[in-house]
């Protein structure tokens, strides 16, 4: 076997797709783009064989392929040579569910595949695709919990990791009713799976999530998370009363806001607001909460994602007496959004994803017997 090629400045992209047209279109787009070295594979088996020699920085991987399909290939990649992967999937409900499974297995991001692919309609997604591949090439790869369990017997430290209560952890007890607002983008589904299932059914504040995603993907995400969590998980497609025991996920291709209706606080989906770049907008959600709740009754959590959505509004929330958590670089798949909050001095606490649920329960839930 040949040794891996010396790494240069070009991003090594491995394109895996059983469609000759898709491989040609991808090759044409990235060969013409400065800074890419591209190789193609027709199926999962060819992709796995190319890993040692080509040593890709990032892989684009079709979900639906004969033989070793995208999900099986992804699982092998994450075991044999963990690499940032962008999945190609259909925009159907089945495609959304498969994509979320891929993200849980360790894929960094996904790209909806146009139906009836032609050189014309594929060109309409070229800029977005190039941007996603560039971001993914810099992303931190994290194995899924399922893979971690399967690999545990190989670990040199088999004992469970004990939580460290260091200076970043705050044990202050918060009183009264309030809401937890979570903002997240690239890498979000996997990170949410690490946090939300840790929260008990008795968690005292409702949680509202702005996850940058298309509409049919947020519906699939809510269904998946509802099966994993003790709390009920709902996608917001109509106004609902904000209630304890629920996690609300904003519908994609829209924005999610809190509004007052008499004595009730409602969470509702509204058309995308043009003044915001990303949707559902984290800034729009946090700003809406600040108009109807005192800052001390709001906790803002900013997780993995590119850009700065949520950083300004959560920094303002912190300055006014609210509480904020930024995911640490240690665990963030893409460290853009939480880093922006930290740089604005808006993060009260900085923690890896696996410790965020513990911080929320420490703030809001008194130990038994108190």
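Grab the DSSP H runs of the chain that are 4 residues or longer, score each as -39,500 (n - 2.57), total them, divide by all residues and round the 222 nm result to the nearest 500 deg cm²/dmol. Before the final figure, lay out the partial values.
Numbers: 13 runs with 132 residues, N = 370.
Taking each H run of at least 4 residues, the total per residue is -10500 deg cm²/dmol.
Can you compute the modelled spin-label distance between residue 276 and residue 177, with each label point 7 Å from Cα toward Cβ, in nm?
2.4 nm
Highest mean first, how do 299-307, 222-230, 97-105 rank when packing is the count of other Cβ atoms within 10 Å averaged over residues? It would help to have the intermediate numbers written out before the result.
Working: 299-307: 27.2, 222-230: 16.9, 97-105: 22.9.
So the peptides 299-307, 222-230, 97-105, ranked by packing, come out 299-307, 97-105, 222-230.
Between the helical axis of 93-105 and the dominant principal axis of the chain, each derived from Cα atoms, what acute angle in degrees is found, rounded to the nearest 10?
Rounded to the nearest ten degrees, it is 90.
For the range 11-144, what is the Kirkwood estimate of the hydrodynamic radius, computed as the reciprocal of the mean inverse distance between distinct Cα atoms, to one decimal in Å? Provide the component values of the computation, followed by the final result.
On the way: mean 1/r = 0.0692 Å⁻¹.
Computed over the range 11-144, the radius equals 14.4 Å.
Sort the following peptides by mean Cβ neighbour count (other Cβ atoms within 10 Å, averaged over residues), highest first: 351-364, 24-37.
On the way: 351-364: 20.1, 24-37: 15.8.
The most tightly packed comes first, giving 351-364, 24-37.
Determine, for each peptide in 184-196, 110-122, the mean count of other beta carbons within 10 angstrom over its residues, then list the peptides with the highest first. Numbers along the way, then the final one.
On the way: 184-196: 24.5, 110-122: 14.4.
Ranking the peptides 184-196, 110-122 by packing returns 184-196, 110-122.
Per 5 Å bin from zero, what fraction in whole % of the C-alpha pairs of the range 179-364 is there, up to the bin with the longest pair?
Going out from 0 Å in 5 Å bins, the range 179-364 shows 1, 9, 19, 24, 24, 16, 5, 1, 0 percent.
Residue 240 versus residue 33, label points 7 Å from Cα toward the beta carbon: distance in nm?
3.6 nm
Give me the distance in nm between label points sitting 7 Å out from Cα along the Cα-to-Cβ direction at residue 21 and residue 117, one decimal.
For residue 21 paired with residue 117, the spin-label model returns 0.9 nm.
Could you line up 275, 348 from fewest to most neighbouring Cβ atoms inside 10 Å?
On the way: 275 8, 348 21.
So the residues, fewest neighbours to most, are 275, 348.
I'd like the orientation of helix 70-80 relative to the chain: the angle between its Cα long axis and the longest Cα principal axis, in ° from 0 to 90, rounded to 10.
Once rounded, the angle reads 90 degrees.
Expressed as an acute angle from 0 to 90° and rounded to the nearest 10, what is the orientation of the C-alpha long axis of helix 126-137 relative to the principal long axis of the chain?
Approximately 80 degrees, to the nearest ten.
Please compute the Kirkwood hydrodynamic radius over the chain, one decimal place, Å, based on all pairs of different Cα atoms. Can you show the working numbers first?
Working: mean 1/r = 0.0466 Å⁻¹.
Evaluated on the chain, it is 21.4 Å.
Stretch residue 128-residue 226 to full length: gain in nm at 0.36 nm per residue minus the Cα-Cα span?
32.3 nm
Need one number: % antiparallel among DSSP beta bridges in the chain, to the nearest 5.
Working: 9 of 53 bridges.
Percentage antiparallel, nearest 5: 15.
At 0.36 nm per residue, minus the direct Cα-Cα distance, what do residue 330 and residue 264 gain on full extension? Give it in nm, one decimal, please. Each step should come with its number before you reach the end.
Numbers: separation 66, 0.36 × 66 = 23.76 nm, distance 3.89 nm.
The span from residue 330 to residue 264 would gain 19.9 nm if fully extended.
With r defined as the distance between the Cβ atoms of residue 10 and residue 79 and R0 fixed at 25 Å, what FRET efficiency is calculated, to the nearest 0.05? Numbers along the way, then the final one.
Values: r = 26 Å, r/R0 = 1.05.
With a Förster radius of 25 Å, E is 0.40.
Would you kindly state how much longer the chain becomes between residue 45 and residue 319 on full extension, computed as 0.36 nm times their sequence separation minus their alpha carbon distance, in nm to one decimal?
Numbers: separation 274, 0.36 × 274 = 98.64 nm, distance 5.33 nm.
Computed gain between residue 45 and residue 319 is 93.3 nm.
FYI, it's all coordinate maths here, none of it is from the lab. None of the values given here were measured: they were computed from a predicted structure. Ideal geometry is used to build each Cβ from the backbone, glycine not excepted, and the neighbour counts take in all protein chains shown.
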